[in-house]
Amino acid sequence: MRLIIIGLSVIFFTLSVIVMFKALGLPVHKTSYQDDWKDVTSESNDVIKKLTEDQDASRALVADLQVTIAQLEGKLATKEEDPESIKTIVAENKPRTLTVFGGGTFRSGADVINDVAVSTIENLVEEILAFPSSRVVIEGHTDNIPTGRLSRNNMDLSLLRAKAIADILVTHGVSLDRISEIGYGDTRPIGSNDTEEGRAINRRVEVKLIPEEGEN
């Protein structure tokens, strides 16, 4: 798009030079013969008339080019401020999932961590500490099996699972002030609760990072 605008600008400049050249290049007839004066005057009038017509046509073409260039510049400015580009910038500041603790991390109905690879924790902590201004959001989830306790439902259980992961991060150097825990219970399943495999997938904790503006 920019190359098109530059090309049209060059054409506009060239036409302007041609118009100026023609205006300065009018033929001048010198004669000492009075009898030829009428012929010279008539010829000059014809030349001036033709040149005037050429100039009018050139001016019209130049005006059209100016309008075209202005329209292209407007389209270019609109493209540079395209809403899709703005959406991309906004998307860069949305939460980014770093790790999902699922599978055998939690047994059904329990908030005690069953098994977590040390390398998983180390890599997670390293990435979180690399963005010191970002918020850490920990989301807990459960399957749809009741907890069997009157004092604790699946919503409570999911929050306790999120807190269990948060405690691990804090012991590895992540500031508690940066961490937010959320419990969703069984409201956001990603697998079928009709099978043990699906329920195991639903018993998960997702750790997400919300970057500050400019920290991506």
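Coordinate-derived values only; no laboratory data. All figures in this text were calculated on a predicted structure; none of them were measured in a lab. Glycine gets a Cβ as well: all are built from the backbone with ideal geometry, and neighbour counts include every protein chain shown.
Things worth noting here:
- Inter-probe distance in nm under a simple model that places probes 7 Å from Cα toward Cβ, at HIS172 and ILE210: 2.2
- At full extension, ASN153 and ASN123 could sit 7.6 nm farther apart than now, given 0.36 nm per residue minus the alpha carbon distance.
- Contact order for segment 125-216, expressed relative to its length and based on alpha carbon pairs under 8 Å spaced 6+ residues apart, stands at 44 percent.
- For segment 128-142, backbone phi angles converted through the Karplus equation (6.51, -1.76, 1.60; θ = phi - 60°) give residue-by-residue couplings of 5, 5, 6, 10, x, 9, 7, 8, 10, 10, 10, 10, x, 9, 9 Hz, Gly and Pro being listed as x.
- Listed values for segment 186-203 are Karplus-derived 3J(HN,Hα) couplings in whole Hz (6.51 cos²θ - 1.76 cosθ + 1.60, θ = phi - 60°), namely 9, 7, 10, x, 10, x, 6, 7, 8, 10, 5, 5, x, 5, 5, 5, 6, 7, and x replaces Gly and Pro.
- Rounded to the nearest Hz, the phi-derived 3J(HN,Hα) couplings of segment 114-126 under the Karplus curve 6.51 cos²θ - 1.76 cosθ + 1.60 (θ = phi - 60°) are 8, 7, 9, 5, 4, 4, 5, 5, 4, 5, 5, 4, 4, where x marks glycine and proline.
- In this rough spin-label picture, where each label sits 7 Å from Cα along the Cβ direction, the SER180-THR97 distance is 1.9 nm.
- The value given for segment 125-216 is a Kirkwood hydrodynamic radius of 14.0 Å, derived from the mean inverse Cα-Cα separation.
- Summing +1 for each Lys or Arg and -1 for each Asp or Glu among the other residues whose beta-carbon sits under 14 angstrom from that of LEU176 gives 0.
- Distant-in-sequence amide H partners of THR147 (H built 1.01 Å from N, under 5 Å): ASN154
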